[in-house]
Amino acid sequence: MKRKVPAVFEVGGHVYTADTCEPVRAAVSRGDLRMSAFVHGTYPGRPLPPATLPEICSVGAWDAPADQSWGLAPHRNEGIELTYVSRGKLGFAVGRRSWALRRGHLTVTRPWQMHSVGNPEITACRLHWLILDVGVRRPNQPWRWPPWIVLSPPDLRQLTTLLRHNEQPVWHVGGEVGRCFERLAGAVEQGPGPSAETRLKLEINGLLAALLEILRRRKVPLDGRLSSNQRTVELFLSELRRNIEGEWTLEAMAGQCGLGRSRFAHYCRLVTNLPPMAYLAQCRVKESARRLASRPDQSVTEIALSCGFPTSQYFATLFRRQMGITPTAYRRKSGCPAARRPRRPLAAVREGGSLPGDFPADD
């Protein structure tokens, strides 16, 4: 059975989203957290009717009356996420940078920005959030705002540019943003009803207008490269190193970046100085070397297959070409004992495998 190519930027169904929801649900069920939210999809909260503001992934607030024993591990969301701390404090991180959020701090994260909440656990605080799907999963995609956003076209274009070409995740903002979030929380706590949709539209538009004014006043430095095709490929390749098991083809990799084969291969060479399939093979060999040195319970064949190689013979050829030594000799040199379990038979090349006997020429 073929392994499914993992979705790197297409977050729907991705483990990041599912994992980050479970600690919240568990804390609410234990009574450790008071939360009120309207949601679509798999987020915890009260589901909105499918046709009601479908672009809202989640909107609401929580009250953590005491320090918690859980946190939200690194994850992404389907839309742009705004959070606001109105009371208490909260640890927050994007990539390798971390902040101690306090009252008045606003965070802005885009769908491709991995972030975590808690340091590593949630502290006593009141946190508000809005996750709004603007139709993007990658930096190089055009943003599509919901039709019920009523900012004028010039204002909406400026807000889009300010959010696309600047990725500062934490801002200290004035009281209007906080008031918008409190009114949003009030609309959610009031529950579904004839006026709920109207109030949500009104307060979200007010929040976006307040955010635009803040970004204008701060004269945010902009960098057009943040939405470029090359940066999209860079982000994809950094994720690819952690998703080597899938049956990646040149078409599948290019598709994840919204590019044709030739353009993807061009940017891959610029970033790595390698053709895409050669870079993938290099990543797989490096990961297999790590596993050979650290997993004595797995045979060489098992490690080869788990790293995405179609056969152990092909793996051995590629490993020796890159590392200058056979996999078995590398394991012995690393001091890792050989696996004692019976080895699996050599696997046949899977139908439609992504790696032929040698590196293909890229278009």
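Tabulated data for the structure shown
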quantity	calculated
Qualifying residue in region 108-127 (condition: without any contact (Cβ under 8 Å) to a residue 24 or more places away in the chain, buried (at least 16 other Cβ atoms within 10 Å of the Cβ) and either of a type in the set (Gly, Ala, Ser) or at negative phi (or both))	no
Flag if Glu245 is over 23 Å from Gln113 (Cβ atoms) and within 20 Å of the chain's Cα centre (by Cα)	yes
Some residue of region 163-171 being touching a residue at least 60 places away in the same chain (Cβ under 8 Å), outside the structural domain of Thr42 (by TED's automatic domain parsing) and touching a Pro at 6+ places or on another chain (Cβ under 8 Å)	no
Complete set of residues in region 75-92 that are within 26 Å of Thr161 (Cβ to Cβ) and at pLDDT 95 or above	Ile80, Glu81, Leu82, Thr83, Tyr84, Phe92
Given (1) in a helix (DSSP H, G or I); (2) in contact with a helix residue (DSSP H, G or I) (Cβ under 7 Å, 6 or more places away or on another chain), number of the condition Lys286 does not satisfy	(2)
The one condition in (1) under 20 Å from the mean Cα position of the chain (by Cα); (2) in contact (Cβ under 8 Å) with a residue 24 or more places away in the chain that Pro142 fails to fulfil	(2)
Every residue from region 67-99 that is part of a loop (DSSP other than H, G, I, E, B) and out of contact with any Pro (no Cβ under 8 Å at 6 or more places or on another chain)	Asp67, Gln68, Ser69, Gly95, Arg96
Residue list for region 117-137, filter: over 18 Å from Glu55 (Cα atoms) and not in a strand (DSSP E or B)	Gly118, Asn119, Pro120, Glu121, Ile122, Thr123, Ala124
Which listed residue is β-branched (Val, Ile, Thr), in the same structural domain as Val170 (by TED's automatic domain parsing), at pLDDT below 95 and over 25 Å from Ala209 (Cα atoms), from Thr52, Thr42	Thr42
Residue list for region 192-216, restricted to those being among the β-branched types (Val, Ile, Thr) and either under 16 Å from Thr83 (Cα atoms) or surrounded by 16 or more Cβ atoms within 10 Å (Cβ to Cβ) (or both)	Ile204, Ile214
Of residues in region 17-63 being of a type in the set (Asp, Glu) and not in a helix (DSSP H, G or I), the one farthest from Val188 (Cα to Cα)	Asp32
Check on Leu162, modelled with pLDDT of 95 or more, surrounded by 14 or more Cβ atoms within 10 Å (Cβ to Cβ), touching a helix residue (DSSP H, G or I) at 6+ places or on another chain (Cβ under 7 Å) and under 18 Å from Leu207 (Cβ atoms)	yes
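The values are calculated or read from the model by the stated rules, or taken from the named source; none is laboratory data. Keep in mind the model is a prediction, meaning the values are calculated, not measured. A quick note on method: Cβ atoms are made from the backbone with ideal geometry, for glycine too, and the neighbour counts reach across all protein chains shown.
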